[in-house]
Every structure is written in structure tokens, then in C-alpha cells.
Amino acid sequence: IPGNPNSSHALGLQANQALNEARQRIMDCLGVKSGKVLIGGTASQLVDNLMLRIYSLGNYNILGSVYEHDCFNRWLDNRFVENSKKYIFKNDIVCHMTINNITGTIFPVEEIGKMCRDVEAYYIMDAVATIGHYPISDNLESFCDCLITSAHKYGGPQGTGCMWVSDRFAKFLELSDDSHEEYGLIHGTPNVSAAVAMSCAMEYAIANATNNWIEHRGLASKMLFDLEDKGIEVRLVCDESLPKAHSINALYLSNINGDALTQYLSTKSIYISSGHSACVSNAADATRVLEAFGLTKEQASQTVRISFGEDT
């Protein structure tokens with residue numbers, strides 16, 4: 001789709017129609033009837049656009065858990081370990097992921113979102129590790145104000161993502177009612193082809209989320225059994241009180257350096273990750289999330305992340 005969707009000529013109008021149809025498909029995937037879908041770069045870039053707008057509006061308190069991805073963590077004024085109303089007040093901005101990108105732990109986001117609604121705060125959901133790995137709540141509009149994803153995490157194009165914003169949060173953000181320039185939040189020419197591809201990828205991923213969860217549970221169980229059967233001391237890092245997405249697994253391997261193992265296995269065309277986000281730029285923060293799950297720095301350095309997907 002070569003036309004600029006911000007232009008008023010025939011190709012521009014055609015491109016704008018395709019872009020808005022992609023927005024509607026994404027809304028249908030999320031099961032929402034209201035709000036706005038904004039198309040942009042990766043989740044990290046979308047978060048930056050969003051937070052800069054919030055900062056431009058006033059001195060609002062931005063909260064999040066100790067488990068958040070770095071794209072959110074760098075914007076947080078305060079971090080909490082437990083989910084409690086005592087931390088949240090009116091007009092606070094609360095960021096909390098659905099599924100942890102290191103351990104696969106699934107957090108009670110509906111409960112968190114409803115706590116925010118009770119005190120008239122706003123809840124932003126990091127759904128980057130969720131689409132295609134675990135079903136999205138069919139009650140999203142009742143507790144969530146903003147949901148952010150990155151397309152490449154569910155088979156869409158690299159460098160593209162989307163953000164759904166509730167009507168109440170759109171009003172708070174002072175978004176335009178005109179979809180041009182992403183309702184006034186993201187300036188420039190959107191990539192319409194990437195947006196269409198992203199919406200199709202999301203449809204496929206969400207339709208297969210339950211089957212993927214079941215299949216990956218079997219793969220994760222077999223992986224742990226095979227490692228233990230070969231005498232390898234292994235521990236699955238997670239919060240045992242919460243459910244888990246089995247497509248994402250953090251394994252603590254005692255006395256085995258995670259970075260060294262990752263590099264060695266890559267020479268065998270086996271691709272895993274160290275026990276931290278690939279987006280971490282500060283080495284001092286590399287073990288932050290695993291420490292929040294109860295590991296020491298040394299144990300975190302001996303942890304790897306193994307992910308399952310259609311291509312892995």
C-alpha cells in the first residue's frame with residue numbers, strides 16, 4: 001500500500017482506509033468495542049511516546065512492579081512488590097505486565113486494573129509477552145486503560161507495534177478524535193503495510209493462543225524431565241503461587257554460567273538467551289528481574305531463558 005495515509009489524494013485515502021481497517025481488526029482481536037488503536041514502532045518506542053505525553057500534561061506519579069521490562073522500568077517513579085491499593089491513588093499511572101518476559105509468570109492483571117479503577121487511577125498493560133502465548137481477557141475494557149504490544153513477538157513485522165487506549169485514558173491524554181498522526185500522539189507517516197501485516201499476525205496468534213499454551217506446557221515438561229534424567233541440576237524460576245506461560249522459561253543451572261552457555265549453544269545452532277532482557281543496556285540491571293523472583297546475583301548469572309514458538 002504505497003499511499004501516505006495522511007494525504008487527501010486517492011492513494012492516501014485508500015491507504016488510510018486500509019490502516020483504519022487494521023485498527024478495527026486489532027480491536028476485534030482484543031475484544032474491545034470502544035477506545036482507539038494507535039500504530040507505531042516497537043513497544044519500547046510506543047512507551048516513550050506515551051510517557052512523554054504524560055509528562056507534558058503534569059506531574060503524575062508513574063508506578064510499576066519490580067518485574068517490569070526495561071522500557072517501562074526506566075520511566076517509573078516508584079516500584080512495588082505486592083499488588084495493593086495502599087500504593088495507588090487517584091490519577092496515578094500504574095504499569096504492570098501480564099506475563100513476565102523472563103520467567104513466564106502470569107500476573108493477576110484484572111485484579112490490578114480493578115484496583116486502579118476503584119481509586120480512579122489508570123492502568124497500562126504490557127502485553128508484549130502475552131499475544132499468542134496466553135488468552136487475552138475477554139473483559140479488557142472493564143479494567144484496562146492501555147495495552148501495548150510489539151508485532152515481532154507474535155509473528156508480525158519487525159519494528160512495528162500497537163497500543164490500544166480506552167476512551168477515558170484518551171481523554172486524559174488529550175488525544176485527537178482524528179486518526180491522522182495517530183490521534184496526535186505519534187507524528188510522521190505510519191507504515192500501513194506493516195500495520196496490516198501486524199493485524200493479520202495478531203488474529204492468527206490470538207486464535208491459536210490456547211493450543212500454544214497446551215503444546216508449550218508439554219514441551220517445557222519434557223525439557224525439564226530430559227535435563228534431570230541426564231543428571232543436570234535444574235530449577236525452574238517462577239512464582240509458584242501464580243500460573244505460568246510455558247512458552248517462556250527461566251532455568252537456573254547451578255554452577256553453569258548463563259552467558260557462556262548461550263554462546264556455546266549458538267555454535268551448535270541452538271539459540272537460547274541469558275536470564276535477562278535483550279534490551280538491557282546497563283550491566284548492573286541485568287539481574288534485576290531475577291533478583292525480584294528471589295535469586296541472588298550469582299544465581300541469576302547461572303540462569304538462562306528458553307522460549308518455545310512455531311519456529312523454535
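Between 55, 102, 71, the Cα set farthest toward the positive side of the dipole of segment 28-136 (charges on each charged residue's Cβ, about the Cα centre) is that of 55. The heavy atoms of residue 114 present about 90 square angstrom of accessible area, all protein chains included, probe 1.4 Å. Other residues whose C-beta falls under 12 angstrom from the C-beta of residue 285 contribute a net charge of 0, scoring Lys and Arg +1 and Asp and Glu -1. Since only 289, 154, 123 are under comparison, the one whose Cα sits farthest along the positive direction of the charge dipole of the chain, derived from C-beta charges on Lys, Arg, Asp and Glu, is 289.
Would you work out the charge dipole size for segment 127-252 about its Cα centre, treating the Cβ of every Lys and Arg as +1 and the Cβ of every Asp and Glu as -1, and quote it to the nearest 20 debye? Working shown, then result.
Values: 8 positive and 17 negative charges, 86 e Å.
The calculated dipole for segment 127-252 is roughly 420 debye.
Classification of segment 212-312 by its C-alpha gyration tensor yields a rounded form. The axis ratio a/c (a ≥ b ≥ c) stays under 1.5.
The order of 69, 187, 180 by accessible area, most exposed first and with a 1.4 Å probe, is 187, 180, 69.
Within the set of other residues whose C-beta is less than 10 Å from the C-beta of residue 190, count the net charge using Lys and Arg as +1 and Asp and Glu as -1. Before the final figure, lay out the partial values.
Numbers: positive: none; negative: 181, 182.
After counting each charged neighbour, the total is -2.
Across every direction, the projection of the convex hull enclosing the Cα atoms of the chain has a mean area of 16.4 nm².
For the chain, relative contact order (Cα pairs under 8 Å, six or more residues apart, normalised by length) works out to 19 percent. Residue order by solvent-accessible surface for 95, 238 is 238, 95, largest first, with ligands and nucleic acids left out and a 1.4 Å probe.
Rounded to the nearest 5, what is the percent of antiparallel bridges among the DSSP beta bridges in the chain? Provide the component values of the computation, followed by the final result.
Working: 23 of 37 bridges.
For the chain, the DSSP antiparallel bridge percentage is about 60.
Cross-link partners for residue 153 among the aspartates and glutamates, with Cα-Cα distance under 15 Å and sequence neighbours closer than 8 places in the same chain left out: 126, 203, 310, 311. Here the spin labels are modelled as points 7 Å beyond Cα on the Cα-Cβ line, and at residue 13 and residue 235 they lie 6.5 nm apart. When +1 charges are put on Lys and Arg Cβ atoms and -1 charges on Asp and Glu Cβ atoms, the dipole computed for segment 1-75 relative to its Cα centre reaches about 200 debye. Heavy-atom accessible area with a 1.4 Å probe sorts 68, 21, 310, largest first, into 310, 21, 68. Listed by chain and number, the aspartates and glutamates whose C-alpha is less than 15 Å from the C-alpha of residue 244, apart from same-chain residues fewer than 8 away, are 215.
If you take all other residues with their beta carbon under 9 Å from the beta carbon of residue 175, and give Lys and Arg +1 and Asp and Glu -1, the sum is 0.
Name the shape class, rounded, prolate or oblate, that the alpha-carbon gyration tensor gives for segment 93-200, where a ≥ b ≥ c are the square roots of its eigenvalues, rounded holds for a/c under 1.5, and otherwise prolate holds if a/b is larger than b/c and oblate otherwise. Present the calculation step by step, with values, prior to reporting the outcome.
On the way: a/c = 2.34, a/b = 1.13, b/c = 2.08.
Because a/c hits 1.5 or more and a/b fails to exceed b/c, segment 93-200 counts as oblate.
Straight-line reach only, C-alpha to C-alpha below 19 angstrom: list the lysines that residue 36 could link to, leaving out same-chain residues fewer than 8 apart. Filter leaves 171.
The values are calculated or read from the model by the stated rules, or taken from the named source; none is laboratory data. Values in this document were obtained by computation on a predicted structure and should not be read as measured data. Glycine also receives a Cβ, built like all others from the backbone with ideal geometry; neighbour counts cover every protein chain displayed. The area values use the complete protein model at the heavy-atom level, side chains included, leaving out ligands, DNA and RNA. Shrake-Rupley method; radii C 1.70, N 1.55, O 1.52, S 1.80 Å.
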